[in-house]
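Inspection log for the structure reproduced underneath, given as structure tokens.
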Amino acid sequence: MITTYLFYFLSFLAIMFGLMVVLSKNPIHSVLYLVLCFFTIAGHYVLLNAQFLAVVHVIVYSGAIMVLFLFVIMLLNLNKETEPHKSIWLKASAAVAAGSLLLVMVASLKGASTIQSVNTFNPNIGLIENLGTTLFKDFLLPFEVSSILLLAAMVGAVMLGKKSIK
Amino acid sequence: MTLGYVIYKLILAVIVFTVTLLIAMYSTYAERKVAGFLQDRLGPNRAGWFGILQPVADAVKLFMKEEMIPSVSNKTLFIIAPGLSLLTACMTGVVIPWGTSLTIFGTSYSLQVTDLNIGILYLFGVVSIGVYGIMIGGWASNNKYSLLGAMRASSQMISYEVAMGISIIALIMTTGTLSVGQIAAQQHGWHWNILVQPLGCLIFIICAFAETNRAPFDLPECEQELVGGYHTEYSSMKMGFYLFAEYINMFVSSAVISTFYFGGYNMPFIGRFVHDGNLLAILGVVFLFAKIFFGIFFFMWVRWTIPRFRYDQLMNLGWKTLIPLSILNLVLTGAWMMRHEIISVFIK
Amino acid sequence: MQPLTNRSKIVVKKEMSLYERIYLPAIFSGMMITMSHFFKKKPTIQYPEQTRPFSAVYRGQHVLKRDDNGAERCTACGLCAVACPAEAITMVAAERKRGEEKLYREEKYAAVYEINMLRCIFCGDCEDACPKEAIFLTDRKVDSEVKRNLFTYGKDILVEGVEKDKRVDVSKRQTPEVLEFKKHKEFEHNR
Ligand code: SF4
Ligand code: SF4
């Protein structure tokens, strides 16, 4: 019972913060609202009994990525004067495009409203032992492949960051 | 979840919170006293016996000070930031096992507020969001020095989190659990983790210094270059909050280091002399706090000995020394744990 | 050039050895040094309760002496003002009137005598210069003030009281050498 209320509460907060990300004028405020939004999503993970995912979500997204975002935006010092001016046509076309995307999504969701939850859902799958076993037994290959992807990204970053050899 | 259980958890949480604040308060006094003694001075000794009331006097002073908010600052964030700093500092205390369990009238009460099965990750998560208080405060002040301090703080914390995380992974591999309570329980007798993971312990301690922004890694607030760093514009109790957060962080890091590597509430040989469970639990708390106080003293000792790093030295140490070392530690730990398998491959 | 002490070290910029680059031994030895200071005896003097012992010839606030009958000794000759390297002393001389013999020993006296304590460097040259043994430096400290002009001490502060118990003892300044010198009446100073 209490989880249902929590779910609605967290969802409300998540959507509200999500809107605030888009609506707030100041980019720093946007980033901070996004961080709050991530926290509410972490709360959802906890409700799903996926504590590991929740904490990792907080560490990776709120703790690292958003800090870097904030870092860059603070250094850029964006404000009203430096904001690029967009023409009214651009704004109108963006509104139309986003509106139609929303329409498509709502329409597709309407058709899929009778979706059944997967029967094999195990409420303890989010706990760390089960997650580890699944990850390293059933999904070993995708896991390793993604690690290679990250390694490649890391090497690329190092290459970009290196001083050019004279 | 009976009412009694809730009340017991509530009381425990309040006690942990109060003790944390009390220790942070007296850390300020201890810091000045230790600094004085290390520099052949006496430190504060006028307020009360041996200056024992100095923190109270400081608190009164901070409360009475004029509150200044720069007119060009972002007021909301300016006010939220110190509170955020203090909040994240206080949040870590809940997963630390302060002792085993007390048995009162046949019911056993654990001295850990909550034993999350992902306790280490929780700690790590709280530490990683701790940087927001500093960053927001630095940016909201609308002052170049504050902003630079905030930048330094965030880049430093992100850099050292990596090495810290990898050194913890090696620890998790040997202990086989993510729960802080179990890690503490495993280290009974002489099974202290520092004996298993000496290099990991060293890396973790260095990173803990960097994460708490303590000297020699106190670049975010180095007076010579940045006036006061991220809290340049802060005055009165908001300033006090930042300082308080720093001392709480120090206390919590000492607690974490003691729990992870120095046996937590365990003390070798004590089981031979004391057999009463409750007495043992209380002694455990005493031992843990003795270790923590030594940790805090160690923090101060280092602060008043070692000069501050330069910024490039800091980054070099973090990225070029500590991270490779921690990866080496990880690989060595893995190799040691799999030694039978590796040897059997070679024998075949 | 001759080195002043044998403690100087010649600094060379060289590559650090591996032992030095680990830093930890150096950090450890540094921490041992600070720890040794932790247990050292502290040289602090707890000021209001304890005071530092004064040296016998401490030179503090001046006093203008009276003679045994209570008459001021100063004759406003101005030698102290001339001797003063800091130019801290000013005075206005006046002639002694009939009936004032009890107040002033000589026929000329200083109507105004001021020492600026902010300028004074407490060198004691005024004391040396004075032919009448009128001015002495004492072991009293010059109090702190909140206003600049309050440091200009006039005769009201400088001249000692007439009563026996208000006299300022300057015997500490009279070292054996000084007393020996004063016995020689052939020196002009002592006549
Ligand atoms: S002590 Fe020296 S500086 Fe001071 S008044 Fe006398 S002569 Fe001048
Ligand atoms: S104090 Fe001595 S030197 Fe100075 S004016 Fe008086 S008599 Fe002359």
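The values are calculated or read from the model by the stated rules, or taken from the named source; none is laboratory data. Since the model is a prediction, treat every value here as computed from it, not as a measurement. Here the Cβ positions follow ideal geometry from the backbone for every residue, glycine too, while neighbour counts run over all protein chains shown. Only protein heavy atoms, including side chains, enter the accessible area calculation; ligands, DNA and RNA are left aside. Shrake-Rupley method; radii C 1.70, N 1.55, O 1.52, S 1.80 Å.
From the list B:Ile169, B:Ile158, exactly one residue is within 14 Å of chain A (Cβ to nearest Cβ), modelled with pLDDT of 80 or more and more than 18 Å from B:Leu314 (Cβ to Cβ). Which is it? When all the criteria are applied, what remains is B:Ile169. Taken over the stretch B:114-126, the criterion of being among the hydrophobic types (A, V, I, L, M, F, W, C), in a helix (DSSP H, G or I) and at the interface with chain A (Cβ under 9 Å from one of its Cβ atoms) is satisfied by B:Leu121, B:Phe124, B:Val126.
For the stretch C:59-80, give me each residue that is over 12 Å from C:Cys120 (Cβ atoms), within 8 Å of ligand 2 (Cβ to nearest atom) and either open to solvent by 70 Å² or more (accessible area, probe 1.4 Å) or not in a strand (DSSP E or B) (or both). Hits for the stretch C:59-80 are C:Arg73, C:Cys74, C:Thr75, C:Ala76, C:Cys77, C:Gly78, C:Leu79. When every residue of the stretch C:139-157 is checked against the conditions, none turns out to be surrounded by 15 or more Cβ atoms within 10 Å (Cβ to Cβ), within 15 Å of C:Arg59 (Cβ to Cβ) and within 11 Å of ligand 2 (Cβ to nearest atom). Let me confirm something: among C:Ala111, C:Ala83, C:Ala56, which residue is of a type in the set (Gly, Ala, Ser), more than 14 Å from chain B (Cβ to nearest Cβ), open to solvent by less than 80 Å² (accessible area, probe 1.4 Å) and within 30 Å of B:Leu42 (Cβ to Cβ)? Just one listed residue meets the conditions, C:Ala56.
What residue, among those in the stretch C:121-135 that are over 11 Å from C:His62 (Cβ atoms), more than 6 Å from ligand 2 (Cβ to nearest atom) and not in a loop (DSSP other than H, G, I, E, B), is farthest from the other protein chains (Cβ to nearest Cβ)?
That would be C:Asp128.
Considering the stretch C:81-102, and only residues there that are touching an Asp or Glu at 6+ places or on another chain (Cβ under 6 Å) and more than 10 Å from ligand 1 (Cβ to nearest atom), the residue that is nearest to C:Asp128 (Cα to Cα) turns out to be C:Thr90. Scan the stretch B:173-191 residue by residue and report those that are under 25 Å from B:Val94 (Cβ atoms) and open to solvent by less than 40 Å² (accessible area, probe 1.4 Å). Scanning the stretch B:173-191 gives B:Thr175, B:Thr177, B:Leu178, B:Ser179, B:Val180, B:Gly181, B:Ile183, B:Ala184, B:Gln187. Just one of the numbered conditions (1) touching an Asp or Glu at 6+ places or on another chain (Cβ under 9 Å); (2) in contact (Cβ under 8 Å) with a residue 40 or more places away in the chain; (3) within 11 Å of chain A (Cβ to nearest Cβ); (4) not β-branched (Val, Ile, Thr) is not true of B:Ala150: (1). Only residues that are hydroxyl-bearing (Ser, Thr, Tyr) and part of a helix (DSSP H, G or I) were counted across the stretch B:59-109, and they come to 4.
Inspect all residues belonging to the stretch B:70-83 and state whether any of them is within 19 Å of the chain's Cα centre (by Cα) and buried (at least 20 other Cβ atoms within 10 Å of the Cβ).
Within the stretch B:70-83, one or more residues are within 19 Å of the chain's Cα centre (by Cα) and buried (at least 20 other Cβ atoms within 10 Å of the Cβ).
Note on the stretch B:260-348: enclosed helices (runs of 4 or more DSSP H) holding 3 or more residues that are in contact (Cβ under 8 Å) with a residue 12 or more places away in the chain and open to solvent by less than 40 Å² (accessible area, probe 1.4 Å) are B:277-303, B:323-337.
The residues of the stretch C:86-106 that are without any contact (Cβ under 8 Å) to a residue 24 or more places away in the chain, within 14 Å of ligand 2 (Cβ to nearest atom) and either closer than 23 Å to C:Glu163 by Cα or surrounded by fewer than 17 Cβ atoms within 10 Å (Cβ to Cβ) (or both), listed by number, are C:Val92, C:Ala93, C:Ala94, C:Arg96. Pairs needed: first member in the stretch B:22-37, within 14 Å of another protein chain (Cβ to nearest Cβ) and within 18 Å of C:Thr44 (Cβ to Cβ); second member anywhere, of a type in the set (A, V, I, L, M, F, W, C) and not in a helix (DSSP H, G or I); C-beta distance under 8 Å; at least 6 residues apart or different chains. Pairs found: B:Val34/B:Trp304; B:Ala35/B:Trp304; B:Gly36/B:Leu42. Assessment of the stretch B:127-137 against the conditions (among the small types (Gly, Ala, Ser), in a helix (DSSP H, G or I) and under 22 Å from B:Phe251 (Cα atoms)) yields at least one matching residue. When C:Val168 is tested against (1) among the β-branched types (Val, Ile, Thr); (2) under 25 Å from C:Glu106 (Cα atoms); (3) within 14 Å of ligand 1 (Cβ to nearest atom), only condition (3) is not met. Taking the stretch B:202-253 as the search range and keeping residues that are open to solvent by 30 Å² or more (accessible area, probe 1.4 Å) and of a type in the set (Asp, Glu), which one is nearest to B:Leu147 (Cα to Cα)? Looking at residues that are open to solvent by 30 Å² or more (accessible area, probe 1.4 Å) and of a type in the set (Asp, Glu), I get B:Glu233.
Would you say B:Phe251 is of a type in the set (Phe, Trp, Tyr) and within 27 Å of B:Trp98 (Cα to Cα)? Spelling it out, B:Phe251 is indeed of a type in the set (Phe, Trp, Tyr) and within 27 Å of B:Trp98 (Cα to Cα).
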